[in-house]
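Worksheet for the structure shown next.
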Amino acid sequence: MKKYLFVAGSALPALVLFAASPIFADNDKLARFKGGIGVTPVSSGVGTEATAAVVNRNIVRGVQPAGQIWVIDKLEANVKTNGDIKVEGKGLILGGGNNVGRATGQRVFATLICEAAAPFVEHSTTLTGVPLANNGNFKIDDVLVPLPPATCASPMLLIRTAGSGNWFAAGIVD
């Protein structure tokens, strides 16, 4: 019996030290996103007429929306304090128009914005982006430039199209 108590008594401090080790630490996490929202390019119509002649574009923190509705099935992203970012998206496809239900050869990149009010600083992955698969799946494993601040008070993650830089989807803060 003493032998078992000795083993158990020795294992407990080792377990505590292991659990406190850096592989379990979340100290380097800046922001995490789980889930995504596709873009609706127009946020509202202006006026009282049945058909609005003027609309408000769905601009998010200074970034213009895509010209068509986009939907996304799944989005997960982790951003570290050193700027490392990993994003995995599934089903980022058109939600309207003649190519509804498809990704049509776009390339996407990610932008993190930490400010809730202007002026906004965009921290982005490589602007040439990664390709969307035909089913809208993509993976980004990159470093944000410029490096983000040590804290991110109001994290906004936008998935944007290479070229115009318009946003297709936004991450949901986890």
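The values are calculated or read from the model by the stated rules, or taken from the named source; none is laboratory data. Since this is a predicted model, take the numbers as computed values, not measurements. Cβ sites come from the backbone with ideal geometry, for glycine too, and all protein chains shown count toward neighbours.
In segment 136-151, the condition of being surrounded by fewer than 18 Cβ atoms within 10 Å (Cβ to Cβ), touching a His at 6+ places or on another chain (Cβ under 9 Å), at pLDDT 95 or above and more than 14 Å from residue 30 (Cβ to Cβ) is met by at least one residue. Say whether the condition of being surrounded by fewer than 14 Cβ atoms within 10 Å (Cβ to Cβ) and either touching a residue at least 12 places away in the same chain (Cβ under 8 Å) or among the β-branched types (Val, Ile, Thr) (or both) is met by at least one residue in segment 88-95. For segment 88-95, residues surrounded by fewer than 14 Cβ atoms within 10 Å (Cβ to Cβ) and either touching a residue at least 12 places away in the same chain (Cβ under 8 Å) or among the β-branched types (Val, Ile, Thr) (or both): absent.
Hey, among 104, 128, 81, which residue is of a type outside the set (Asp, Glu) and either crowded, with 17+ Cβ neighbours inside 10 Å or in contact with a strand residue (DSSP E or B) (Cβ under 6 Å, 6 or more places away or on another chain) (or both)?
Exactly one of 104, 128, 81 is of a type outside the set (Asp, Glu) and either crowded, with 17+ Cβ neighbours inside 10 Å or in contact with a strand residue (DSSP E or B) (Cβ under 6 Å, 6 or more places away or on another chain) (or both), namely 81.
Remark: pairs (first residue in segment 130-145, in contact (Cβ under 8 Å) with a residue 12 or more places away in the chain and farther than 16 Å from residue 72 by Cβ; second residue assigned to a loop (DSSP other than H, G, I, E, B) and not aromatic (Phe, Trp, Tyr); Cβ separation under 7 Å; 6+ apart in sequence or on different chains) = 142/125; 142/126; 143/83; 144/83; 144/125.
Among the residues here, residue 115 qualifies as out of contact with any strand residue (DSSP E or B) (no Cβ under 8 Å at 6 or more places or on another chain) and either modelled with pLDDT of 95 or more or closer than 19 Å to residue 34 by Cβ (or both).
Can you confirm whether residue 55 is surrounded by 13 or more Cβ atoms within 10 Å (Cβ to Cβ) and either without any contact (Cβ under 8 Å) to a residue 40 or more places away in the chain or within 12 Å of residue 167 (Cβ to Cβ) (or both)? Yes.
Can you find a residue that is over 13 Å from residue 169 (Cα atoms) and touching a strand residue (DSSP E or B) at 6+ places or on another chain (Cβ under 7 Å) anywhere in segment 86-97? Step through it out loud before you land on a result.
Filtering segment 86-97 for residues over 13 Å from residue 169 (Cα atoms) gives 86, 96-97.
Still in the list and also touching a strand residue (DSSP E or B) at 6+ places or on another chain (Cβ under 7 Å): 86.
Scanning segment 86-97 turns up at least one residue that is over 13 Å from residue 169 (Cα atoms) and touching a strand residue (DSSP E or B) at 6+ places or on another chain (Cβ under 7 Å).
The requirement of being under 19 Å from residue 146 (Cβ atoms), at pLDDT 95 or above, aromatic (Phe, Trp, Tyr) and touching a Leu at 6+ places or on another chain (Cβ under 9 Å) is not satisfied by residue 33.
Being more than 26 Å from residue 136 (Cβ to Cβ), at pLDDT 85 or above and of a type in the set (Gly, Ala, Ser) narrows it down to one of 21, 44, so name that one. If you could, list the steps in order and put the result at the bottom.
On the way: 21 fails: at pLDDT 85 or above.
The match here is 44.
Residues in segment 63-107 that are hydrophobic (A, V, I, L, M, F, W, C) and closer than 17 Å to residue 35 by Cβ: 70, 71, 72, 75, 77, 79, 85, 87, 92, 93.
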